[in-house]
Amino acid sequence: MKIIKNINQIQNLVKKIKYKNKTIGFVPTMGYLHDGHLSLIKKAKLETDVVVVSIFVNPTQFGYTEDYANYPRNFDRDIKLSKKVGVNLLFHPEVKSMYPDEHLTYVEVERLTQSLCGASRPGHFRGVTTIVTKLFNIVQPDIAYFGQKDAQQVYVVKKMAKDLNISVKIKILPTIREKDGLAISSRNGYLNPEERKQARCLYQALKEARKLIKNKCEYNPGKIKRTMQKIIERNNKTKIDYIEIVDCKNLEPVKKIKGKVLIALAVHIGNTRLIDNITVK
Ligand code: AMP
């Protein structure tokens, strides 16, 4: 496994890989790797010749009051895990090389970024689409792998790649969960034992919503959201940011449940904001 910090160096390697007609699978991450990230890397390993993983905590996707400085980092551990799952190139650029002082260009997807997480994290998706565009330009992947856990990010990145004619196939893989259902996240480590216990309510609420739709034919989103809210608010450390039921095609809230919907939520547990979602047909 090669560890590369320098942008020119990885661009030269990419040229050589392309010259040999080998395919590149790419997994962009902010590091502190866990089983969710590893599931993406393993899939890339199966489907492409050369697997590139980036580890970059991207400052432009964090708001001023958010956890950029404290975001968990453990590069030595990330190296070990990456080697274990067969990553070929680990790209770990410095902030000042990705965003030199003279950096003035940003990429923004309209409309899709206004709702859900975009509403409570203004500027977040602008940061995401900017860094993903830059990484796509540098790595030039044939296939890029993303997790369903960040459902809105998936929609936004897909739309960006389509609108900007970036020739990459984007694959989405299922959310990997802890045994009790909590979606694995680098931020779960912020939770104290009591908060960790209460955090189970996110997936419990999503599962209950699915049950209401599938088993009880409840198609009123308002009623479903109220039930979910009750399940979450039984836990005294929780504060709901949003619970939404949206159309899978355009992320617009639905008035009645039909077709395929995305049920998404963001909840603060103590000081930690967690997100999760499921789709229901
Ligand atoms: P992050 O390092 O949090 O930016 O995540 C990097 C990639 O891993 C994104 O595509 C995430 O959606 C994906 N990811 C994060 N957590 C999970 C999980 N629990 N299951 C599947 N994919 C995940």
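Scan the stretch 251-274 and tell me whether some residue there is among the hydroxyl-bearing types (S, T, Y), within 22 Å of the chain's Cα centre (by Cα), closer than 17 Å to Y190 by Cα and modelled with pLDDT of 95 or more.
Yes: one or more hits.
Among the listed residues D101, D78, identify the single one that is within 16 Å of the ligand (Cβ to nearest atom) and of a type in the set (D, E).
None of the others qualify; the one that does is D78.
When you scan the stretch 49-64, how many residues do you find that are among the hydroxyl-bearing types (S, T, Y), open to solvent by 30 Å² or more (accessible area, probe 1.4 Å) and modelled with pLDDT of 95 or more?
Looking only at that region, the number is 1.
Can K197 be described as of a type outside the set (V, I, T), away from the ligand (no atom under 14 Å from the Cβ) and on the phi < 0 side of the Ramachandran plot?
Taking the combined requirement at face value, the residue satisfies it.
Across the stretch 1-48, which residue is least open to solvent (accessible area, probe 1.4 Å) among those that are in contact with a helix residue (DSSP H, G or I) (Cβ under 9 Å, 6 or more places away or on another chain) and of a type in the set (S, T, N, Q)?
Here the answer is T29.
For the stretch 203-227, what are the residues that are over 24 Å from A183 (Cβ atoms) and of a type in the set (F, W, Y)?
Across the stretch 203-227, the qualifying residue is only Y219.
Just checking, does the stretch 150-163 include any residue being on the phi > 0 side of the Ramachandran plot and over 14 Å from the mean Cα position of the chain (by Cα)?
no
Step by step: first the residues of the stretch 95-113, then only those that are within 21 Å of the chain's Cα centre (by Cα) and more than 15 Å from T133 (Cα to Cα), then the one that is most open to solvent (accessible area, probe 1.4 Å). Which residue is that?
Filtering first and then ranking leaves R111.
Name the one entry in N74, N70 that is open to solvent by 50 Å² or more (accessible area, probe 1.4 Å), of a type outside the set (V, I, T) and in contact with a Gly (Cβ under 9 Å, 6 or more places away or on another chain).
From the options N74, N70, the qualifying one is N74.
The rows are residues; the columns are (1) modelled with pLDDT under 95; (2) within 30 Å of T48 (Cβ to Cβ); (3) open to solvent by 40 Å² or more (accessible area, probe 1.4 Å).
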position: K171; (1), (2), (3): no, yes, yes
position: G181; (1), (2), (3): no, no, no
position: N188; (1), (2), (3): no, yes, no
position: A205; (1), (2), (3): no, no, no
position: I224; (1), (2), (3): no, no, no
position: Q229; (1), (2), (3): no, no, yes
position: K237; (1), (2), (3): no, no, yes
position: D276; (1), (2), (3): no, yes, no
position: V280; (1), (2), (3): no, no, no
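Does the stretch 139-151 hold any residues that are surrounded by fewer than 23 Cβ atoms within 10 Å (Cβ to Cβ) and more than 9 Å from the ligand (Cβ to nearest atom), and which are they?
Passing the criteria: Q140, D142, I143.
Among the residues of the stretch 51-66, which ones are β-branched (V, I, T), away from the ligand (no atom under 11 Å from the Cβ) and touching a residue at least 24 places away in the same chain (Cβ under 8 Å)?
V51, V52, T60 - these are the residues of the stretch 51-66 that are β-branched (V, I, T), away from the ligand (no atom under 11 Å from the Cβ) and touching a residue at least 24 places away in the same chain (Cβ under 8 Å).
Working only within the stretch 23-50, note down all residues that are away from the ligand (no atom under 14 Å from the Cβ) and in contact with a Lys or Arg (Cβ under 9 Å, 6 or more places away or on another chain).
I24, E47, T48, D49, V50
The values are calculated or read from the model by the stated rules, or taken from the named source; none is laboratory data. These figures come from a predicted structure and were not determined experimentally. Note that we place each Cβ from the backbone using ideal geometry, even for glycine, and neighbour counts take in every protein chain shown. Heads up: the accessible areas ignore ligands, DNA and RNA and are worked out on the full protein's heavy atoms, side chains in. Shrake-Rupley method; radii C 1.70, N 1.55, O 1.52, S 1.80 Å.
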